[in-house]
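The values are calculated or read from the model by the stated rules, or taken from the named source; none is laboratory data. Please read these numbers as outputs of a predicted model, since none were measured by experiment. Here the Cβ positions follow ideal geometry from the backbone for every residue, glycine too, while neighbour counts run over all protein chains shown.
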Amino acid sequence: MTKRLHIPGILVLLTAFGLLVSACGGSGGGSPRSGSAPPPSNEWLIPQGEVADGGPGPDGIPSIDDPKFDLITANEPSDPSELIIGMMVDGVAKAYPHEIMDWHEIVNDGTDAAPYTMSYCPLTGTALAWKGDPAATNPDFGVSGLLFNSNLILYDRATASLWPQMFEQSVNGPRIREVPTRMQVIETTWGTWRAMYPDSLIMNTSTGHRRDYGDYPYGDYKDNSGLLFPVANADQRLHPKTRVLGIRENGQAKVYQIAGFGPTTTAINEQFGSTQIVVIGNSTANFGAIYDRTLSDGTILNFTAIGGQLPNVLQDDEGNVWDIFGKAVSGPRAGEQLALTNSYIGMWFAWAAFFPSIEMHF
């Protein structure tokens, strides 16, 4: 039986918006792990009137709480251009296919000592991974059924607090104002990921749910200009569904078009806000990432791109070579890690909705 949360305001929001369409596709009950969840508070960090109810209700889109993995060589993609979300966890490469994430949106993974949650919103094209709290009653997250700027709102199963994915902060409930600890993800194609990490694990379709994972549940949504839910700001400078790599800091944001990196790997050294960053991307290999190029000892590195050596993508003015996850693999700083930034790939309309004064790289 699906465990239902009592979230104040859902019926009011349904009446206000008159929404009859189900958000984020799929149907059927979830299987949340046990754990009591007090109702959220009345305080919100986002305008409550802009929170839309997507239809299925809490856990109506079931998370995957016991993911199964194969070696990538045993689960070859039928189309190498299909997208996956990649991670490096304790030295092990793991991939989460979009074709599964489109239907489930959340995967609770990791170990009891180091849990983490992978989330993907198919309506905004955003993938983020957050570390869990091993001391929590239940470190897992579920799909709340609510949306903000068309973006997935997660709820944590320990307290039922609400977490808009792109906001990266709890906006309602006992954990309000808490910011999760993010983990680096690399979104790219099956083909690129397999070439970089031929021994990778890849999540398989043994999810415990019956879904047609070969069928994209949103029709032509990724290509058309329409949205299923209202957003706070519309910016017509790009097609709404253009895939961009964005970075945000103190309410400001900047994006780089994935298609704009060109056919060879490109590195951009610049400053965004108060942070010295390096942007790395390749439109043909279909990836992008942004790291902080100021090291813990205060050194600011200048990077150039490396071509044809994936997963190694950067070299610096000290002679170090760095991989796509921002780790030095050779040179005097071998083993060091570039600091992460608040950056991820998403659809242009979503970045513009969350950040109306957004800047675009040309």
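Among the residues of region 267-291, those that are in a strand (DSSP E or B) and either under 18 Å from residue 151 (Cα atoms) or touching a helix residue (DSSP H, G or I) at 6+ places or on another chain (Cβ under 9 Å) (or both) comprise 281, 282, 287, 288.
Inspect region 120-129 for any residue being among the aliphatic types (A, V, I, L, M) and over 16 Å from the mean Cα position of the chain (by Cα) and give the result as yes or no. The answer is no; no qualifying residue exists. Looking across 308, 335, 298, 346, one residue alone is closer than 22 Å to residue 193 by Cβ and more than 21 Å from the chain's Cα centre (by Cα). It is 308. Note on region 69-172: enclosed strands (runs of 3 or more DSSP E) holding 2 or more residues that are modelled with pLDDT of 95 or more and among the hydroxyl-bearing types (Ser, Thr, Tyr) are 115-121.
Okay, residues lined up against (1) assigned by TED's automatic domain parsing to the domain that holds residue 247; (2) more than 24 Å from residue 292 (Cα to Cα); (3) of a type in the set (Phe, Trp, Tyr); (4) surrounded by fewer than 21 Cβ atoms within 10 Å (Cβ to Cβ):
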| residue | (1), (2), (3), (4) |
| --- | --- |
| 89 | no, no, no, yes |
| 143 | no, yes, no, no |
| 150 | no, yes, no, no |
| 186 | no, no, no, no |
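Residues of region 53-68 that are modelled with pLDDT of 95 or more and either outside any loop (DSSP other than H, G, I, E, B) or more than 13 Å from residue 104 (Cα to Cα) (or both): 64, 68. Residues of region 64-83 that are surrounded by 15 or more Cβ atoms within 10 Å (Cβ to Cβ) and farther than 15 Å from residue 205 by Cβ: 65, 83. Residues that are part of a loop (DSSP other than H, G, I, E, B) and hydrophobic (A, V, I, L, M, F, W, C) within region 209-247 comprise 227, 228, 229, 231, 232, 234, 238, listed in sequence order. Of the residues making up region 230-272, those that are at pLDDT below 95 and either assigned by TED's automatic domain parsing to the domain that holds residue 151 or buried (at least 19 other Cβ atoms within 10 Å of the Cβ) (or both) number 0. The residues of region 312-327 that are crowded, with 20+ Cβ neighbours inside 10 Å and of a type in the set (A, V, I, L, M), listed by number, are 313, 314, 324.
Would a scan of region 84-106 turn up a residue that is closer than 21 Å to residue 344 by Cα, aliphatic (A, V, I, L, M) and touching a Cys at 6+ places or on another chain (Cβ under 7 Å)? Checking region 84-106: not a single residue is closer than 21 Å to residue 344 by Cα, aliphatic (A, V, I, L, M) and touching a Cys at 6+ places or on another chain (Cβ under 7 Å).
Return yes when residue 320 is within 18 Å of residue 193 (Cα to Cα) and among the polar types (S, T, N, Q) and no when it is not. Here the answer is no, as residue 320 does not meet what is asked. For beta carbons closer than 9 Å, sequence separation of 6+ or different chains, a first residue in region 250-265 that is at positive phi and a second that is part of a loop (DSSP other than H, G, I, E, B) and crowded, with 19+ Cβ neighbours inside 10 Å, the qualifying pairs are 251/355.
Among the residues of region 198-223, just one is touching a Phe, Trp or Tyr at 6+ places or on another chain (Cβ under 7 Å) and small (Gly, Ala, Ser), namely 200.
Each residue in region 173-208 was checked for being in contact with a strand residue (DSSP E or B) (Cβ under 8 Å, 6 or more places away or on another chain), assigned to a loop (DSSP other than H, G, I, E, B) and either of a type outside the set (Phe, Trp, Tyr) or farther than 30 Å from residue 308 by Cα (or both), and 11 pass. The set of residues in region 292-319 that are assigned to a strand (DSSP E or B) and either within 20 Å of residue 187 (Cβ to Cβ) or not assigned by TED's automatic domain parsing to the domain that holds residue 260 (or both) comprises 292, 305, 312, 313, 314.
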